[in-house]
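Notes for the one structure printed next.
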Amino acid sequence: MSALRRKFGDDYQVVTTSSSGSGFHQQQGSAHKKKRQRFVDKNGRCNVQHGNLGSETSRYLSDLFTTLVDLKWRWNLFIFILTYTVAWLFMASMWWVIAYIRGDLNKAHDEKYTPCVANVYNFPSAFLFFIETEATIGYGYRYITDKCPEGIILFLFQSILGSIVDAFLIGCMFIKMSQPKKRAETLMFSEHAVISMRDGKLTLMFRVGNLRNSHMVSAQIRCKLLKSRQTPEGEFLPLDQLELDVGFSTGADQLFLVSPLTICHMIDSKSPFYDLSQRSMQTEQFEIVVILEGIVETTVPKEAHKTSELYASFN
């Protein structure tokens, strides 16, 4: 709250107020209603757990790159370190095996003998030669000779494998670091929504503000009404989604978010709330999901931030 006041002044409040006399106010009994589980939390996390999908693991592995990006940071770092460690030990072992098969580890050779890799006598020296090759720091005391065709083939294989591993793991880490998830934490939504009169019409309103000085380009806001309903054929839809008009026809959904803005949904004949009274809204089970999308000015990637409102959050 203090950060908002520093940026926008004392006139801005996160919690909106309802106009006296014309707005909908909760009755005292509704405050004691049982708290309903949200489909989307206030911080944007979706409370969804998939089940009975069958072969779920194989589906995740088929899109391995996205699966790694979605993992927590501790698992990303663990996989990053483990993959490089295993790859390095494997390739160093291959160089050691070549030296062992050719007999290069035997020190009883004469001075005219040309080994596959000069000065590789054991596994540590083979590992150091691999690191010199992989890191491209240049050959010095250890180097590959032209008398070893199998070593040349292994050298080409190592270069290709190293490029693939680097591209995959470094690309995964870069994508994860560039995700604007933390940026969404500086987008503030009002704690409560309000239904009140504006311009002579009943209107659902809430506010949104941007804490950072960097702007969101092409910011757009959408609202979804989630509620259960039963079709005339008797089919029960537990999470039917309806779009709430927040200015599609007039372009009001395209935001210039440099200061806190009030988002309005006019309750007219096209609104899902048109046939609901104050009392019926207290008994209805629904949730409004707000989605704010835009391009981060400084880092370019597009971000989306979600929040939700239950009727218990209305004033």
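Considering (1) modelled with pLDDT under 85; (2) more than 21 Å from V289 (Cβ to Cβ), the lone condition that E191 does not fulfil carries the number (2). If you go through segment 194-225 and pick out every residue that is modelled with pLDDT under 85 and under 20 Å from M266 (Cα atoms), you end up with 0. Among the candidates S259, S218, the residue that is surrounded by fewer than 15 Cβ atoms within 10 Å (Cβ to Cβ), touching a helix residue (DSSP H, G or I) at 6+ places or on another chain (Cβ under 9 Å) and either part of a strand (DSSP E or B) or of a type in the set (G, A, S) (or both) is uniquely S259.
Among the residues of segment 120-141, the ones that are touching a residue at least 24 places away in the same chain (Cβ under 8 Å), under 12 Å from W95 (Cα atoms) and not aliphatic (A, V, I, L, M) come to 6 in all.
Among the candidates I152, I101, I137, the residue that is at pLDDT below 85, of a type in the set (V, I, T) and out of contact with any Lys or Arg (no Cβ under 9 Å at 6 or more places or on another chain) is uniquely I137.
Filtered by the rule that a residue be part of a loop (DSSP other than H, G, I, E, B), loosely packed, with under 14 Cβ neighbours inside 10 Å and touching a strand residue (DSSP E or B) at 6+ places or on another chain (Cβ under 9 Å), segment 191-210 gives a lone residue, D199.
Looking at segment 47-162, the helices (runs of 4 or more DSSP H) lying wholly inside it that each contain 2 or more residues that are touching a strand residue (DSSP E or B) at 6+ places or on another chain (Cβ under 7 Å) sit at 73-102.
The values are calculated or read from the model by the stated rules, or taken from the named source; none is laboratory data. Since the structure is predicted, the reported quantities are computational estimates derived from the model, not experimental observations. FYI the Cβ positions are ideal-geometry reconstructions off the backbone, even for glycines, and counts take in every protein chain you see.
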